[in-house]
Each structure stands twice: as C-alpha cells, then as structure tokens.
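> Can you read through this structure? Questions will come right after.
The values are calculated or read from the model by the stated rules, or taken from the named source; none is laboratory data. These numbers come from a predicted model, not from an experiment. Positions of Cβ are generated from backbone atoms using ideal geometry, with glycine treated the same way; all protein chains shown enter the neighbour counts.
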Amino acid sequence: MSDRGPADQDGTRASAAAAALGLAHEVTRHGPVRSLEEAAAARGVEPHQLVKTMVVRVAEGQHVFVLVPGDREIAWPKLRALLGVNRLTMASADAAHEVTGYVRGTITPLGSRTPLRVVADASISGRISLGGGAHGVALTVDAAELVTALQATVADVAV
C-alpha cells in the first residue's frame, strides 16, 4: 500500500478537520464490529444513520466521495448520470488510501489528503455517524451541517 505520510491511528486528523470547518461533532470510539447493526449500536445510531463514505474513480486521477446510508448502496446509473460519465468504478484500496490517506473502513471526507468533490445521497438527514479516520473511531454530526461544510452535491444516488 502506498503511503505519503503517517496513518491517522486515532482519528485526530478527521476530528481536527471537522473542527476547522466549524462542524459540531462528537467522537465515538468503539471496539471491532462485524456488521452494520453492530456498528450502528456501538455508535448509538440506527443503521440508516450510519453513513458510508466511498471513493469512486471517475477517470484517471479523478475521484469523488460518495456518501450513502449504511443500509443502502450506490445506484450506479444515477451516479453516472449526475456526473455526466458513462463509466465509474470503486477506487481500489490502494488508490483510495493514496488519495485520502485513510484505509478502507475508516475513510471519511473530513481530513482527506486530497480534497475531493462530495456527493451525498438525498436521503441522508438528521444526526448521522461516519468514519472517523481510524478503526473504531466515528464522528457523529448533523447531516445538513456536514453537507454545507463540505459544499456537497445532494442528489438521489442510492438504492
């Protein structure tokens, strides 16, 4: 795996990025989880409030973050239409790490090594929990405040 700097072992980079954006957030630390339901319970939210951050490759050297509720998946035709492209793929684990500085399972748009466009599914609302940049670390935030802070594009991109 490529590495351009030290890993964020404790989630401080994501939390610092949230603070720098003026984003009110709560840091939750928990042990290993084996399912969406366990992760949601450990974070004190419902499964639909747990938001996955995925790195999608649009073209060579071009990626976007896509935020979808934990109990939903990317609707690829909708995302392709929104981005005006014919083909999209998930970034490889190595590419996602190189672009964000985070390993899969910890990825968050907050504190990413490379600023990327953010697309948030329109169903994301209220209090949500997303990756905190390290295993067992999550940030709980208000979805509307997150979307505003990240200047995210909100669209129906999940099924």
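> Return the residues of the range 8-53 that are under 17 Å from Thr100 (Cα atoms) and basic (Lys, Arg); say none if nothing qualifies.
Arg13, Lys52
> Conditions: (1) at pLDDT below 95; (2) out of contact with any helix residue (DSSP H, G or I) (no Cβ under 9 Å at 6 or more places or on another chain). Ser2 meets all but one. Number of the miss?
The single condition Ser2 does not satisfy is (2).
> Here is a further query. Of all the residues that make up the range 57-78, how many are free of Cβ contacts under 8 Å to residues at least 40 places away in the same chain and not in a helix (DSSP H, G or I)?
Total satisfying the criteria: 8.
> Suppose we keep only residues that are in contact with a Pro (Cβ under 8 Å, 6 or more places away or on another chain), of a type in the set (A, V, I, L, M, F, W, C) and not in a strand (DSSP E or B) within the range 114-144. Which one would you say is nearest to Gly101 (Cα to Cα)?
Leu116
> Go through Arg117, Arg104 for me and flag whichever is within 12 Å of the chain's Cα centre (by Cα) and modelled with pLDDT under 95.
Of the residues listed, the single one that is within 12 Å of the chain's Cα centre (by Cα) and modelled with pLDDT under 95 is Arg104.
> While we're here: Residues Ala24, Ala41: which one is of a type outside the set (Val, Ile, Thr) and surrounded by 14 or more Cβ atoms within 10 Å (Cβ to Cβ)?
Matching residue, one of Ala24, Ala41: Ala41.
> So which residues in the range 97-142 are within 16 Å of Ala14 (Cα to Cα), of a type in the set (Gly, Ala, Ser) and either in contact (Cβ under 8 Å) with a residue 40 or more places away in the chain or surrounded by 22 or more Cβ atoms within 10 Å (Cβ to Cβ) (or both)?
Scanning the range 97-142 gives Gly101, Gly111, Ser112, Ser129, Gly131, Gly132, Gly133, Ala134, Gly136, Ala138.
One line per residue, one yes/no per condition, for (1) within 19 Å of Val118 (Cα to Cα); (2) modelled with pLDDT of 95 or more:
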| site | (1), (2) |
| --- | --- |
| Thr12 | no, no |
| Gly31 | no, no |
| Ala42 | no, yes |
| Val55 | yes, yes |
| Val66 | yes, yes |
| Met90 | yes, yes |
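> Specify the residue that is farthest from the chain's Cα centre (by Cα); the eligible residues are those in the range 74-96 that are exposed (fewer than 14 other Cβ atoms within 10 Å of the Cβ) and charged (D, E, K, R).
The qualifying residue farthest from the chain's Cα centre (by Cα) is Arg87.
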